[in-house]
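*Asks:* So that we are looking at the same thing, I have put the structure below in structure tokens.
Just so you know, all these numbers are worked out from the coordinates, no wet-lab data involved. Keep in mind it's a predicted model, so treat the numbers as computed, not measured. Ideal geometry is used to build each Cβ from the backbone, glycine not excepted, and the neighbour counts take in all protein chains shown.
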Amino acid sequence: MKKVLKKNIFWIAVFSLLVIVCLAVILLQRFTKEKLCAEIYSEGKLIRTIDDLDPGKPYSFDVKTSLGTNTVRVEKGSVSVSGSDCKNKICVYHGKISKAGESIICAPHKLIIRITGSSGPDAVV
Amino acid sequence: MRVSVKQITMIGIFAALSLIIFMVEAELPVFEGGGIKLGLANIVTLCAMKLLGRKEAGAVLAVRVLLASVFCGSAISLIFSASGAFLAYTVMCLLIGRLDDRQLWVVSVFGAIGHNLGQTFAAYFVCGSAIAFSMLPYLLISAVITGALVGIVSMKLVSSPLRRFSMAKK
Ligand SMILES: [Zn+2]
């Protein structure tokens, strides 16, 4: 019984360490870049960037590819997919993303929307 | 190796259970399809590994992945779930003999990590971009948490009256 406890504590320590390292990497990713912008990739190729995620007025635009159309909405420092003609609509259900490193993936359309950069220390959780 | 009627029956029952759990989970629009998932179906894989054996668990997993993609997936989602499932299965097969029953949750965590790594590699090849790897720290954290939960549930199940169905050689 004691041996089991010891082993469990060992593994809990190992996994805690892993989580801490991952958190550190995430925080580092956010600190190292200054500005928050978004990149849109289609089939792995960068097709569009959004430089300002916090425009005065929210706006939407369509991303048309040979695989289909996604409507991307930019408002108050966040990006979301407000509409899509893809099969599963997972990209629409995903909702808003607003932090560096977050991404929305539309697998049927092979589309990735990813936020890069950081809006500063206040963005750190 | 001869496959007995009992083995086929058990594999069928476990695969059906696994498929139901997987499809119910897929209906929950909580997390992104290619990314974070609870991996509840892995409870069945783990129990199958403990109660039936590794080969049988592999059969259960293969049936589940194939049928799930027939019922509710596409070719792309098949690539994602197959690579995740394959890596998870390999990792768990290697570990389950080396760790004792009370460490099943550790096997589960490593399985979840393997699953998420497999999906990351699939995302890398399908999307042709290193972007997939920026998701990795998030996926690893979720793997530790969900893997531990799934493992604890599996340990309870394996030591429950279910163990009467055990066919694994001691
Ligand atoms: Zn979509």
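*Asks:* For the pair B:Phe165 and B:Tyr124, how long in nm is the line joining their label points, each one 7 Å along Cα→Cβ?
*Replies:* 3.7 nm
*Asks:* Relative to the longest principal Cα axis of chain B, at what angle does helix B:54-72 sit, 0 to 90 degrees, rounded to 10?
*Replies:* Computed tilt is about 50 degrees.
*Asks:* I've got another one for you. Over all residues in A:40-52, what is the mean tally of Cβ atoms on other chains that come within 10 Å of each residue's Cβ?
*Replies:* Counting Cβ atoms of other protein chains within 10 Å of each residue's Cβ and averaging gives 2.
*Asks:* A follow-up question, please. Over 36 Å apart: what share of the alpha carbon pairs of the protein assembly as shown falls there, rounded to a whole percent?
*Replies:* Tail of P(r) above 36 Å: 24 percent of Cα pairs.
*Asks:* Could you please report the charge total around B:Ala62, scoring K, R as +1 and D, E as -1 over all other residues with beta-carbon less than 15 angstrom from its beta-carbon?
*Replies:* So the environment of B:Ala62 carries a net charge of +2.
*Asks:* In addition: Is chain B rounded, prolate or oblate when judged by the Cα gyration tensor, a ≥ b ≥ c being the square roots of its eigenvalues, rounded requiring a/c under 1.5 and prolate requiring a/b larger than b/c?
*Replies:* Taking the square roots of the gyration eigenvalues as a ≥ b ≥ c, chain B is prolate.
*Asks:* For B:Ser154, what is the net charge nearby, where nearby means another residue's Cβ is under 13 Å from its Cβ and Lys, Arg count +1, Asp, Glu -1?
*Replies:* In short, +3.
*Asks:* Under the classification rounded if a/c is under 1.5, otherwise prolate if a/b is larger than b/c and oblate if not, where does the stretch B:61-119 fall, given a ≥ b ≥ c as square roots of the Cα gyration tensor eigenvalues?
*Replies:* Prolate is the answer for the stretch B:61-119, as a/c is 1.5 or above and a/b outweighs b/c.
*Asks:* Something else now. Taking the Cβ of A:Val4 as the center, what net charge do the other residues with Cβ under 9 Å away carry, scoring Lys and Arg +1 and Asp and Glu -1?
*Replies:* Local net charge: +4.
*Asks:* Mind checking the angle between helix B:104-127 and chain B's longest principal axis? C-alpha axes, 0 to 90 degrees, to the nearest 10.
*Replies:* Compared with the principal axis, the helix lies near 40 degrees.
*Asks:* In Å, what Rg and Dmax follow from the Cα atoms of the stretch A:1-117?
*Replies:* Expressed in Å, the Cα Rg and Dmax of the stretch A:1-117 come to 18.9, 63.
*Asks:* Taking the Cα atoms only, what angle lies between the long axis of helix A:2-32 and the longest principal axis of chain A, rounded to 10 degrees?
*Replies:* Roughly 30 degrees, rounded to the nearest 10.
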